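Visitor: Can you read through this structure? Questions will come right after.
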Amino acid sequence: MDHDFRMLIDGELTPGVSQFDVVNPATGAAFAQCPKADEALLDRAVAAAKRAQPGWAATPVETRAALVNQLADALEARIGEFASLLTSEQGKPLDQAGYEIMGSVFTLRAFAAMRVEPKVLKDEGGNRVVEHRTPLGVVASITPWNFPVILLMNKLGPALVTGNCMVAKPAPTTPLTTLLFGELAQAILPPGVLNIVCDQNELGALITGHPDIAKVAFTGSTATGKKVMASSAGTVKRVTLELGGNDAAIVLDDVDARQVAQKVYQGAMTNAGQICIAIKRAYVPAPMYDEFCDELAKLANAAIVDDGSKQGTTIGPIQNQMQFDKVKALIDDARTRGTVLAGGDALDRPGYFMPPTIVRDLDDDAPLVREEQFGPVLPVLKYDDIDDVIARANDSDYGLGGTVWGKDLARATDVAMRIDSGTVWVNQHMAIDANIPFRGVKQSGLGAELGEAGLLEYTQAHIVNAIALEDA
């Protein structure tokens with residue numbers, strides 16, 4: 001690819017100390033080079049953010065918000081370019097890449113419209129107590145490879161609007177769209193307000209332990225999130241962790257099996273299943289189990305698995321070799337425990353292609369059921385009793401999202417209330433709105449993203465408790 005990608009440090013597009021390959025997962029071959037930072041460049045980026053932050057915080061919020069809106073406008077103006085690059089480095093079909101870029105635009109605009117106002121807690125008897133919200137300082141963003149653009153915007157929008165400056169580190173397998181966004185930011189934001197550094201996973205511990213970084217906003221696996229949390233403890237950093245999920249779909253016995261199977265399939269297979277809130281296990285009533293499984297298999301067999309840049313592709317490749325190998329191992333294990341109805345074998349071609357795979361007849365203790373597969377594979381499990389299936393769905397270390405499907409909305413909502421996850425959707429899936437908070441429970445995360453709650457995560461509550469000084 002003929003583009004000189006550079007990191008954004010202190011308002012300058014900066015080369016790295018070296019470069020590394022970025023692989024197109026549809027070919028398994030490198031298509032671009034990414035600059036690589038070392039500890040010295042990271043320190044420069046943090047110092048620039050620290051230097052810029054007081055002035056940025058002192059800038060009127062309306063001005064800060066206007067600049068965030070300018071970022072949204074600039075991104076929207078180049079949606080085609082960003083979507084094409086995103087497909088090349090991440091693998092998702094071009095239409096899904098476009099949705100991610102437009103979602104990023106909407107997210108920036110939503111946060112630009114939010115404000116944190118002082119809250120009067122008490123005003124009586126000459127005693128006035130006001131809670132103010134102040135910026136934290138320098139915030140680090142560490143983002144994963146499945147949605148590299150919008151997951152950065154989930155953090156950048158609230159950080160900038162509330163007066164923080166940021167050092168962003170994208171995943172090493174999908175850094176290019178973040179670097180391209182840095183080119184937009186260079187022309188819009190004051191130097192140091194946003195800095196971008198890239199690595200091959202060497203800088204994470206230096207970021208989480210850095211004394212001049214006040215907060216780490218991390219999205220990624222639960223295993224890595226635990227390391228982020230432990231490393232941040234030395235300086236008592238604020239952290240928000242949006243981690244893994246093993247989201248259950250509970251299908252109730254009053255639905256049309258074919259109709260709901262189509263919705264469950266889409267919820268499981270969008271972005272080749274590489275979504276933290278993808279449906280990762282489906283529980284179906286025994287009387288409709290065979291019909292439901294057969295419909296899922298038909299949908300899987302009809303999928304067009306190919307390079308995401310080709311028109312008509314519905315399932316792109318798994319993003320990287322390591323994840324491909326993990327998904328393949330889970331399928332191989334599931335084949336010995338259950339019945340593979342569709343898919344199951346990697347395509348014999350370059351790239352990391354696994355067709356959508358449907359597996360039935362598994363026990364609850366099968367690794368494909370217990371673990372987060374993060375790929376285009378869905379185990380389908382049978383149930384007879386609603387109380388039992390709720391207990392089975394909740395028997396997980398994860399608690400990010402979930403869905404309930406039923407014609408009787410009151411009954412379905414009652415079931416949703418009993419699911420131990422941060423978000424449970426009823427008769428819909430992945431209804432993410434930048435104005436609605438998103439949280440995980442158990443080992444799926446800590447803190448909130450999006451909404452007012454997500455905005456407040458980038459602030460420190462500051463109480464001023466005042467009374468008049470009595471005359472002598």
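Visitor: Based on the Cβ-Cβ distance from GLU183 to SER84, what FRET efficiency comes out when R0 is 25 Å, to the nearest 0.05?
Guide: Approximately 0.95, to the nearest 0.05.
Visitor: Sequence-distant or interchain residues sharing an amide H contact under 5 Å with GLY445, placed H: which?
Guide: Hits under the 5 Å cutoff: LEU243.
Visitor: Given a 1.4 angstrom probe, I'd like the percentage of the accessible area of the chain that is carbon and sulfur, rounded to a whole number.
Guide: In the chain, the share of accessible area belonging to carbon and sulfur is 51 percent.
Visitor: Another question, if that's okay. If you average the sequence gap of Cα pairs under 8 Å that are 6 or more apart and divide by the length of the range 167-293, what percent do you get for the contact order?
Guide: 19 percent
Visitor: Then there is this: What percent do you get for the relative contact order of the chain when only Cα pairs under 8 Å and 6+ apart count? Spell out each step's value before the answer.
Guide: Working: 1122 pairs, mean separation 84.6, N = 472.
The normalised contact order for the chain reaches 18 percent.
Visitor: Scan around ILE436 for amide H atoms under 5 Å from its own, H built in the peptide plane at 1.01 Å from N, and keep only partners 5 or more places away or cross-chain.
Guide: Here the answer is GLY451, since their amide H atoms fall under 5 Å of that of ILE436.
Visitor: Here is a further query. Calculate how steeply helix 289-302 sits against the longest principal axis of the alpha-carbon atoms of the chain, using the helix alpha-carbon long axis, and give the answer as 0 to 90 degrees to the nearest 10.
Guide: The two axes meet at around 70 degrees.
Visitor: Rounded, prolate or oblate: which fits the range 266-321 when a ≥ b ≥ c are the square roots of the eigenvalues of the alpha-carbon gyration tensor, with rounded for a/c under 1.5 and prolate only if a/b beats b/c?
Guide: Oblate is the answer for the range 266-321, as a/c is 1.5 or above yet b/c matches or exceeds a/b.
Visitor: Taking a ≥ b ≥ c as the square roots of the Cα gyration tensor eigenvalues, with a/c under 1.5 meaning rounded and otherwise prolate when a/b beats b/c, else oblate, which class fits the chain?
Guide: On the way: a/c = 2.14, a/b = 1.35, b/c = 1.58.
Note, shape of the chain comes out oblate.
Visitor: What accessible area, in Å² to the nearest ten, does a 1.4 Å probe give for ASP332?
Guide: Solvent-accessible area, nearest 10 Å²: 60 Å².
Visitor: If you don't mind, there's one more thing I want to ask. By how many degrees, between 0 and 90 and to the nearest 10, does the Cα long axis of helix 321-337 differ from the longest principal axis of the chain?
Guide: Long axis of 321-337 versus the principal axis of the chain: about 40 degrees.
Visitor: Next question, about the same structure. With θ set to phi - 60° and the Karplus curve 6.51 cos²θ - 1.76 cosθ + 1.60, what are the ³J(HN,Hα) couplings of the range 141-155 in order, to the nearest whole Hz, using x for Gly and Pro?
Guide: Each residue's phi maps through the Karplus curve to give 10, 10, 10, x, 9, 7, 9, x, 8, 5, 6, 5, 5, 4, 9 Hz.
Visitor: Can you give the accessible area per residue of the chain, in Å², using a 1.4 Å probe?
Guide: Averaged over the residues of the chain, the accessible area is 40 Å².
Visitor: Where does helix 61-77 land angle-wise versus the long Cα axis of the chain, in degrees 0 to 90, nearest 10?
Guide: Between the helix axis and the principal axis of the chain, the angle is about 40 degrees.
Visitor: List every residue whose amide H lies under 5 Å from the amide H of ALA249, counting only residues 5 or more places away in sequence or on a different chain, with H placed 1.01 Å from N in the peptide plane.
Guide: LYS280, ARG281, ALA282, TYR283, THR403
Visitor: Given only helices, namely DSSP H runs of n ≥ 4 each adding -39500 (n - 2.57), what is the per-residue ellipticity at 222 nm of the chain, to the nearest 500 deg cm²/dmol? Don't skip to the answer; put the middle values down first.
Guide: Details: 15 runs with 181 residues, N = 472.
Computed ellipticity for the chain at 222 nm equals -12000 deg cm²/dmol.
Visitor: Which of the trypsin sites (Lys or Arg not before Pro) found in the range 263-329 are loop residues per DSSP with 15 or fewer other Cβ atoms within 10 Å of their Cβ?
Guide: The qualifying sites are LYS310.
Visitor: Points 7 angstrom from Cα along the Cβ direction at ARG335 and ASP348: gap in nanometres?
Guide: 1.4 nm
Visitor: To continue, here is another question. With unit charges on the beta carbon (Lys/Arg positive, Asp/Glu negative), name the residue among GLY402, TYR383, GLY16 whose Cα is farthest towards the positive pole of the charge dipole of the chain.
Guide: Checking the options against the dipole of the chain, the answer is GLY16.
Visitor: Can you tell me the FRET efficiency between ASP387 and GLN321 if r is taken as the Cβ-Cβ distance and R0 is 45 Å, rounded to the nearest 0.05?
Guide: On the way: r = 43 Å, r/R0 = 0.95.
Approximately 0.60, to the nearest 0.05.
Visitor: Which ³J(HN,Hα) values, rounded to whole Hz and listed in residue order, are derived for the range 270-275 from phi using the Karplus coefficients 6.51, -1.76 and 1.60 in 6.51 cos²θ - 1.76 cosθ + 1.60 with θ = phi - 60°, glycine and proline given as x?
Guide: Each residue's phi maps through the Karplus curve to give 4, 6, 6, x, 8, 9 Hz.
The values are calculated or read from the model by the stated rules, or taken from the named source; none is laboratory data. These figures come from a predicted structure and were not determined experimentally. Positions of Cβ are backbone-derived with ideal geometry, glycine not excepted, and every protein chain shown enters the neighbour counts. Just so you know, the surface numbers come from the protein's heavy atoms only, side chains and all, with ligands and any DNA or RNA stripped out. Shrake-Rupley method; radii C 1.70, N 1.55, O 1.52, S 1.80 Å.
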